[in-house]
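Here it is: the structure, laid out below.
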Amino acid sequence: MLTPATTATRLGVLATRGLKLQVAFLRGAAACQYSSLASRQSTIRSAKSVPSIVTRLIARKPACNQSCQVFARGYASTTASGASGSSTQPLDWNTFFTLRKTRRRFQIVSGILTMAIGGTVGAILLLNMDLDWLLTKVPMDPFLALGIVTLSFAGLGWLAGPSVGSALFYTFKKGVRKPMELKESEFFSRIKKNRVDPSNSSLSGNAVPDFYGEKISSVAGYRQWLKDQRAFNKKRTSFV
């Protein structure tokens with residue numbers, strides 16, 4: 001038979017066990033709630049991090065495009081400068097005089113052709129037009145007047161020949177126009193610097209030797225031209 005003390009002891013043990021179970025239950029519930037809350041927070045953080053990653057990627061894409069554009073512009077400028085440098089590469093004097101001689105031949109040939117074309121066109125026009133009103137006003141023989149008009153057409157063709165020849169020369173010789181212009185500027189500055197004063201020249205005794213340097217066609221010719229200029233000055237000083 002249970003005594004009151006034993007009963008009280010058993011009740012106390014049962015109460016202690018129940019209290020421990022309740023505390024364990026509460027701890028488990030708290031742990032579950034904490035884990036669910038942590039999982040929710042991690043989910044929210046991951047959901048928030050996705051737009052940030054996307055934003056960073058989007059932000060980096062224009063930077064990449066911008067860097068690519070800068071690289072492309074730099075490459076294009078380098079290519080353009082290289083092309084311009086190669087197109088404007090300076091000529092040496094021998095090549096310059098060779099091209100100058102070739103251009104002069106183009107001008108002479110084109111001048112002959114344009115003179116023939118101009119004279120032919122002038123003669124055809126004079127034969128097909130009524131020029132009595134002009135011939136009656138000119139106090140000379142009509143055939144002589146017609147010949148002078150025809151020669152005038154031929155002279156106009158000859159004057160147009162050098163321009164046509166230069167255009168044809170630069171058409172066949174592409175890429176030499178600017179280098180030749182630079183070299184010609186330097187050449188004429190040398191001519192202007194070293195040529196003599198024509199005021200002390202005379203037709204009989206001491207004529208100016210090639211004042212514009214038109215007969216120079218090589219480096220040796222330029223040296224000979226310098227010698228001629230010095231000879232002119234020597235004659236002038238010795239004559240004075």
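Using the Kirkwood radius over C-alpha pairs as Rh, can you work out the diffusion coefficient of the range 125-240 via Stokes-Einstein at 37 °C, viscosity 0.692 mPa s, in µm² per second?
My calculation gives 174 µm²/s for D.
Are there chymotrypsin sites (Phe, Trp or Tyr not before Pro) in the range 115-175 that DSSP puts in a loop and that have at most 12 other Cβ atoms within 10 Å, and which ones?
Taking the range 115-175 and a limit of 12 other Cβ atoms within 10 Å, no loop chymotrypsin sites (Phe, Trp or Tyr not before Pro) are found.
Of all GluC sites (Glu not before Pro) in the range 153-240, which ones are in loop regions per DSSP and have a Cβ with at most 12 other Cβ atoms within 10 Å?
Glu214
Moving on to the next point. Considering only the other residues whose Cβ falls under 12 Å of the Cβ of Leu226, what net charge follows from Lys and Arg at +1 and Asp and Glu at -1?
After counting each charged neighbour, the total is +4.
What size of dipole, in debye to the nearest 20, comes out for the range 91-175 about its Cα centre when the only charges are +1 on Lys and Arg C-beta atoms and -1 on Asp and Glu C-beta atoms?
Using Cβ point charges on Lys, Arg, Asp and Glu, the range 91-175 gives about 720 debye.
Sticking with this one: Per the Kirkwood formula on distinct C-alpha pairs, the Rh of the range 159-202 is how many angstrom?
Its Kirkwood hydrodynamic radius stands at 12.9 Å.
Count neighbours as other Cβ atoms within 10 Å of each site's Cβ, and list the trypsin sites (Lys or Arg not before Pro) in the range 104-138 that are DSSP loop with at most 10 such neighbours.
When the trypsin sites (Lys or Arg not before Pro) of the range 104-138 are filtered for loop state and at most 10 Cβ neighbours within 10 Å, Lys137 remain.
In terms of the ratio Rg/(2.2 N^0.38 Å) built on C-alpha atoms, what value belongs to the range 91-175?
1.54
Each reported figure results from applying straightforward, stated rules to the coordinates on display, with no laboratory input. Not measured: the values here are computed from a predicted model. Don't worry about glycine lacking a Cβ; one is built from the backbone with ideal geometry, like all the others, and counts go over all protein chains shown.
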